[in-house]
Amino acid sequence: MLSHIKDLAANLAPRLIEIRRHIHSHPELSGQEYQTAAYVAGVMSSCGLQVQELVGKTGVVAEMHGTGADTRMLAIRADMDALPIHERTGLEFASRNQGIMHACGHDVHTTVGLGTAMILAQLGVPLPGTVRFLFQPAEETAQGAGWMVRDGVMAGVTSIFSVHAFPTIAAGSVGIRYGALTAAADDLELIVIGESGHGARPHEAIDAIWIASQIITTLQQAISRTQNPLRPVVLTIGQIQGGRAPNIIADQVRMLGTVRSLHPETSAALPEWIEQIVSSICQTYGAKYELNYRRGVPSVQNDPTLTQLVESAASEAWGSDRVQILLEPSLGAEDFSLYLDHAPGTMFRLGVAAADKPNFPLHHPQFHVDEGAIITGVVTMAYAAYKYWQQ
Ligand code: NI
């Protein structure tokens, strides 16, 4: 079956590159993926799949029904949105939409999803169960997965696979990560409310700037002294505003930050931990505060059994020297985690680095991929989806 899948992929290669280039040159921002979604729906319909559009706002869901001998349902998820970046790759199929670019490889993910459907549709033998393809909008804003889940796309799903391009792995190879793949990412807004006064008479005022600086310093020190160092927490205050003049004590400071962590128990405890520190400092110095802690996406925790399945599919397909076991997670975020609240799943890293030219990081205006990676992704995904039913 593997060599059959590889032959089908080789035959489809020119078509898949054409699809990827079309999507690449017509990027759309998060939540506005109307053209991309219509294009995806068209390709899926032409594979004979039952397609639903405008799911999760601008998402597409397509189902491939098997014989029904197996009641499980496998979902395969791809994201379709692009970024507000002005492309500088110089490619002939570069973005035609000014200021918008597929700089995170979602054009490749969408193509891998479509290619996997094409291959499974051409296998010649029906699968025993249903495969549901999810093409989600708005991954970059961490909204799309939530929209899709709210529209019920995980109903009946037993397991879910996904893929993300990775520019530090050579095209032709894949990266496999057991356990935490990405971090939980939350947003923090903190307003410290003091009392204004003359800069010369601090004892008559409550200095919100000084108290804010105590809070920032204490939070950073407290991470190293009170959090388990084997369970990383990163807290970054990226924005701070306050004060009106050099000789007026500021009565208010507003800080915005991001909070990242890998372990679910740590993530769960963070809001209260932060509030304790903030409230004790404010109380000590007579300030008030407002703390808004907004939960973002949880950490992506790859399921061990499904990860093993994808690893073995990739090793059989490409040889174990082209399968890297990733020893470290990333503190980036991925809304794929929201599907994992409903069913176990795994996301693999798809190497996209070109051997013959400089490579650039994700979200860079010169980010590019070696298109050979598309076949690696499609074969790995299709074969893993085939093997899923053999377990
Ligand atoms: Ni991405």
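The values are calculated or read from the model by the stated rules, or taken from the named source; none is laboratory data. The structure presented is a predicted model; accordingly, all values stated were derived computationally and were not measured. Note that we place each Cβ from the backbone using ideal geometry, even for glycine, and neighbour counts take in every protein chain shown. Side chains included, ligands, DNA and RNA excluded: accessible areas come from the protein's heavy atoms. Shrake-Rupley method; radii C 1.70, N 1.55, O 1.52, S 1.80 Å.
DSSP beta bridges in the chain, what fraction antiparallel, as a percent rounded to 5?
Beta bridges within the chain, antiparallel portion: roughly 65 percent.
For region 1-143, what is the relative contact order in percent, using Cα pairs closer than 8 Å and at least 6 residues apart in sequence?
Answer for region 1-143 is 35 percent.
In degrees from 0 to 90, rounded to the nearest 10, what is the angle of the helix 264-285 Cα long axis to the longest principal axis of the chain?
Tilt of helix 264-285: around 10 degrees.
Dipole magnitude of region 184-297 about its Cα centre, charges +1 at Lys/Arg Cβ and -1 at Asp/Glu Cβ only, in debye to the nearest 20?
Charge dipole, region 184-297, about its Cα centre: 240 debye, nearest 20.
Let's see if you can work this out: charge +1 on each Lys and Arg Cβ, -1 on each Asp and Glu Cβ, no other charges. What is the dipole magnitude of the chain about its Cα centre, in debye to the nearest 20?
Around 240 debye, computed over the chain.
Cα gyration tensor of region 248-391, axes a ≥ b ≥ c as square roots of the eigenvalues: rounded (a/c below 1.5), prolate (a/b > b/c) or oblate?
Here region 248-391 falls in the prolate category.
If the cut-off is 17 Å between C-alpha atoms, which lysines fall inside it for Lys387, apart from same-chain ones fewer than 8 positions away?
Within the straight-line limit of under 17 Å, Lys387 reaches these lysines: Lys6.
Rounded to the nearest 0.05, what FRET efficiency is calculated for His65 and Arg322 with R0 set to 30 Å and r the Cβ-Cβ distance?
In this case the efficiency is close to 0.35.
Using only Cα atoms, find the angle between the long axis of helix 372-388 and the longest principal axis of the chain, and express it within 0 to 90 degrees, rounded to the nearest 10.
That helix lies at roughly 80 degrees to the long axis.
Throw me the Rg/Rh for region 184-297, computed over C-alpha atoms with Kirkwood Rh, two decimals.
Rounded to two decimals, Rg/Rh equals 1.02.
So between Ala94 and Gln122, what do we pick up on full extension, going 0.36 nm a residue minus the alpha carbon distance?
Stretched out fully, the Ala94 to Gln122 stretch lengthens by 7.0 nm.
Sequence-distant or interchain residues sharing an amide H contact under 5 Å with Gly59, placed H: which?
Leu54
Counting only residues 5 or more places away or on other chains, whose amide H sits under 5 Å from the amide H of His363 once H atoms are built in the peptide plane?
Amide H neighbours of His363: Cys104.
Explain nothing, just compute: Karplus ³J(HN,Hα) = 6.51 cos²θ - 1.76 cosθ + 1.60, θ = phi - 60°, for every residue of region 57-72 in order, whole Hz, x for Gly and Pro.
Result, rounded to whole Hz: 6, 10, x, 10, 10, 9, 10, 10, 8, x, 6, x, 5, 10, 7, 6.
Which value, in Å² and to the nearest 10, is the accessible area of Thr305 when all protein chains are kept and the probe is 1.4 Å?
Solvent-accessible area, nearest 10 Å²: 80 Å².
Normalised by the residues of the chain, what does the relative contact order come to in percent, with Cα pairs under 8 Å and at least six apart?
24 percent
Would you mind getting the accessible area per residue of the chain, heavy atoms of the protein chains only, 1.4 Å probe, in Å²?
42 Å²
What percentage of all Cα-Cα pairs in the chain are separated by more than 33 Å?
38 percent
Which of Leu262, Ser312, Gly124 sits closest to the plus end of the dipole of the chain, meaning its Cα is farthest towards the positive end, when Lys and Arg get +1 and Asp and Glu get -1 on the C-beta?
Going by the Cα projections, it comes out as Ser312.
Mind listing the phi-derived Karplus ³J(HN,Hα) values for region 223-240, rounded to whole Hz, using 6.51, -1.76 and 1.60 with θ = phi - 60°, and x for any glycine or proline?
4, 6, 9, 10, 9, 4, x, 7, 10, x, 10, 10, 10, 10, 8, x, 8, 8
Provide the per-residue ³J(HN,Hα) series for region 249-255, in order, calculated from phi with Karplus coefficients 6.51, -1.76, 1.60 and θ = phi - 60°, each as a whole number of Hz, with x at glycine and proline positions.
Result, ordered by residue: 6, 6, 9, 8, 9, 10, 10 Hz.
Using a basic spin-label model with each label point 7 Å from the Cα along Cα→Cβ, how many nm lie between Ile17 and His4?
About 2.7 nm, to one decimal.
Please compute the contact order of region 95-236 in relative form: average sequence separation of alpha-carbon pairs under 8 Å and at least six residues apart, divided by the residue count, as a percent.
Result for region 95-236 is 14 percent.
For the chain, what does the helix formula give at 222 nm: sum of -39500 (n - 2.57) over DSSP H segments with n ≥ 4, over the residue count, nearest 500 deg cm²/dmol?
It comes out at -11500 deg cm²/dmol, rounded to the nearest 500.
For the chain, take the longest principal axis of its alpha carbons; what is the angle in degrees between that and the long axis of helix 106-122, to the nearest 10 within 0 to 90?
Relative to the chain, helix 106-122 is tipped by roughly 30 degrees.
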